[in-house]
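J.: Sharing a structure with you now.
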Amino acid sequence: MAKLYFYYSAMNAGKTTNLLQGAYNYHERGMRTLILTPALDNRYGEGVVASRIGLKAHARRFRAEENLLALVQADIAAHGPLHCVFVDEAQFLAKAQVWQLSDVVDQLRIPVLAYGLRTDFRGEPFEGSQYLLAWADELQEIKTICHTGSKATMVVRVDEHGRAVTDGPQVEIGGNERYVSVSRAEFKKINQGDGSIELQQPVLPLGEPR
């Protein structure tokens, strides 16, 4: 039975690596997939989803106002049967788009696997993540660690000097140079202070996703 899945984590937990591996597994079995990525994230080029370990794949870019059910239906009409839809950076989905993805599952009987952050650098939920957490059939956390060695569940935005930033727009595209994953306890210390605590990039033990 098709389901809507939400795989969530803090930054640098291997979400995109998991997505690309999942898509590859389908392709190995002769099944066709569609990878969706928000148009605002073009760090790796237009319509490219890439992981930090060098894996990448072509993706269909979508805009904030685009109907994703209609997009998937058009893709099927143009290219034939579709076996799975993957969504990268799913936190950037609009509420309506999460509902449309649920329609892809319920009406078209196609599984949808969405990968994204749960909260922003202020600890507030993204719109897409909020409704995926509410409406997805299955939720799974992809774990990573804080530089303290504790489990990381929060994200901190840093400036060019590696110091925490506590103000600014919710959406600011960036990778390791702009965001660090930390534990809730570290997040509290940063936000209860003056916002200028210098952070270290987490050092992951051998075998952790990068």
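The values are calculated or read from the model by the stated rules, or taken from the named source; none is laboratory data. Just so we're clear, the structure is a prediction, and the values are computed from it rather than from any experiment. Neighbour counts run over all protein chains shown; Cβ positions are idealised from the backbone, glycine included.
J.: Go through (1) out of contact with any helix residue (DSSP H, G or I) (no Cβ under 7 Å at 6 or more places or on another chain); (2) among the β-branched types (V, I, T); (3) crowded, with 18+ Cβ neighbours inside 10 Å and name the single condition V48 misses.
T.: Result: V48 fails condition (3) only.
J.: Oh, and also: Taking H58 as the residue in question, decide whether it is exposed (fewer than 14 other Cβ atoms within 10 Å of the Cβ), in contact (Cβ under 8 Å) with a residue 12 or more places away in the chain and in contact with a Gly (Cβ under 7 Å, 6 or more places away or on another chain).
T.: Working: exposed (fewer than 14 other Cβ atoms within 10 Å of the Cβ): yes; in contact (Cβ under 8 Å) with a residue 12 or more places away in the chain: yes; in contact with a Gly (Cβ under 7 Å, 6 or more places away or on another chain): yes.
So H58 passes the test.
J.: If you don't mind, there's one more thing I want to ask. Among (1) more than 18 Å from E127 (Cβ to Cβ); (2) more than 15 Å from the chain's Cα centre (by Cα); (3) not β-branched (V, I, T), where does A59 come up short?
T.: Just one mismatch for A59, condition (2).
J.: Scan segment 65-92 residue by residue and report those that are closer than 19 Å to G128 by Cα and loosely packed, with under 14 Cβ neighbours inside 10 Å.
T.: E65, A70
J.: Given the structure, is N42 surrounded by fewer than 18 Cβ atoms within 10 Å (Cβ to Cβ), among the polar types (S, T, N, Q), modelled with pLDDT under 95 and not assigned by TED's automatic domain parsing to the domain that holds S181? If you could, list the steps in order and put the result at the bottom.
T.: Details: surrounded by fewer than 18 Cβ atoms within 10 Å (Cβ to Cβ): yes; among the polar types (S, T, N, Q): yes; modelled with pLDDT under 95: yes; not assigned by TED's automatic domain parsing to the domain that holds S181: yes.
Yes: the conditions hold for N42.
J.: Which condition does K95 not pass, out of (1) farther than 26 Å from Q21 by Cβ; (2) of a type outside the set (A, V, I, L, M); (3) at pLDDT below 95, if it passes all the others?
T.: Among (1) farther than 26 Å from Q21 by Cβ; (2) of a type outside the set (A, V, I, L, M); (3) at pLDDT below 95, the lone unmet condition for K95 is (3).
J.: Sticking with this one: Restrict the check to segment 99-108 and report whether at least one residue is surrounded by fewer than 20 Cβ atoms within 10 Å (Cβ to Cβ) and among the acidic types (D, E).
T.: For segment 99-108, residues surrounded by fewer than 20 Cβ atoms within 10 Å (Cβ to Cβ) and among the acidic types (D, E): present.
J.: Could I ask something else about it? I'd like the residue in segment 109-128 that is of a type outside the set (A, V, I, L, M) and crowded, with 23+ Cβ neighbours inside 10 Å and, out of all such residues, is farthest from the chain's Cα centre (by Cα).
T.: It comes out as F121.
J.: So, restricting to strands (runs of 3 or more DSSP E) that lie completely within segment 60-152, which ones have at least 1 residues that are of a type in the set (D, E, K, R) and within 23 Å of M1 (Cα to Cα)?
T.: The qualifying strands (runs of 3 or more DSSP E) are 138-141.
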